[in-house]
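Worksheet: one structure, shown below.
The values are calculated or read from the model by the stated rules, or taken from the named source; none is laboratory data. Fair warning: this is a prediction, and the values are worked out from it, not measured in the lab. Positions of Cβ are generated from backbone atoms using ideal geometry, with glycine treated the same way; all protein chains shown enter the neighbour counts.
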Amino acid sequence: MAESGNRAGGRPRFIDPKILEGLSNLALVARTVAEGTLMGMHRSPAFGFSQEFAEYRAYEPGDDLRHVDWNVFARSDRTYVKRFRGDTNHNVTILFDQSASMAALPATSEHLTKGDYARFAAAAIIYLAARQHDSVGLLQFNDKVQLWRPPSTRANHVARLYHLLDDIGYQGGTNWKLALDYVQAHLARRSLLVVISDFYTDPDAFSGIARGLSARGHDLLLVHVLDAAERTLASEVATVEDAETGEVMVVSADSGGYSRRLTEHCEALARATVDVRGHYLNVFTDQPLDRILADYLRYRAREM
């Protein structure tokens, strides 16, 4: 399996995202990406991976059987689960954009669709959240709320989230206000909101919605996914079609104008996020996913 990047000793670490398509299921993708990232990071207690025993609690259906103390069960005929320091039980909620533009693949692209790249990132974050004993939830949306699964730590819930991400279909536009208002109404507890999208939206309009979330105490991590071919136009003049509206327009590179406008758009989204003490991350589909996971872990450690 070809990989890119190196760690100490010259051994390869980061997997090319395109190779992940060949893995058999999304749970395997999640574990491969997450464990590969963790191998390249210091195992700081700040990241919540300490395995020092803390206490017992009664077993509940769906708990990971690996954490059951079978010695206690043999002596008392009662089932208890070991809890560890770092068993933080924070809320992590993934907001996943399944609008039509996420499935669009530019003619010049040789990489994953933005939707596939985003699915891999979401699955890896779910894996990390479960490993950290955090409750994790999922909202899938386009111009409507398509699916909502409230945060939970149950093993069967986490497995179900992988299946839901595997079955995503991409269509329609994006209604940010509807999606974020829905989250505010259905999350009783403070949550880290991980928003994964290509953010074809007005940054000023998004800024107002983000302020509302912050006022409710939620923390915001934006993962802005763009196709590698969207860095620059393939020619001086190109005809493009909006995947969400069907509108066709002629776009001119006009001596770097396209690149400048893309940079300005990303910078405006970053400002809107930083203004509410959130974190903005811009990634392209030809980049390994380790950067997303490292930023997620650092931001979680800071805010949680």
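From the list Thr174, Thr153, exactly one residue is farther than 29 Å from Pro61 by Cα and in contact (Cβ under 8 Å) with a residue 40 or more places away in the chain. Which is it?
Thr174
Among the residues of the range 203-218, are any under 20 Å from Arg119 (Cβ atoms) and of a type in the set (A, V, I, L, M, F, W, C)?
Among the residues of the range 203-218, not one is under 20 Å from Arg119 (Cβ atoms) and of a type in the set (A, V, I, L, M, F, W, C), which makes the answer no.
Do you know which residues across the range 82-112 are assigned to a loop (DSSP other than H, G, I, E, B) and either modelled with pLDDT of 95 or more or within 17 Å of the chain's Cα centre (by Cα) (or both)?
His90, Gln98, Ser99, Ala103, Leu112
Scan the range 152-201 residue by residue and report those that are in a helix (DSSP H, G or I) and of a type in the set (Lys, Arg).
Passing the criteria: Arg160, Lys177.
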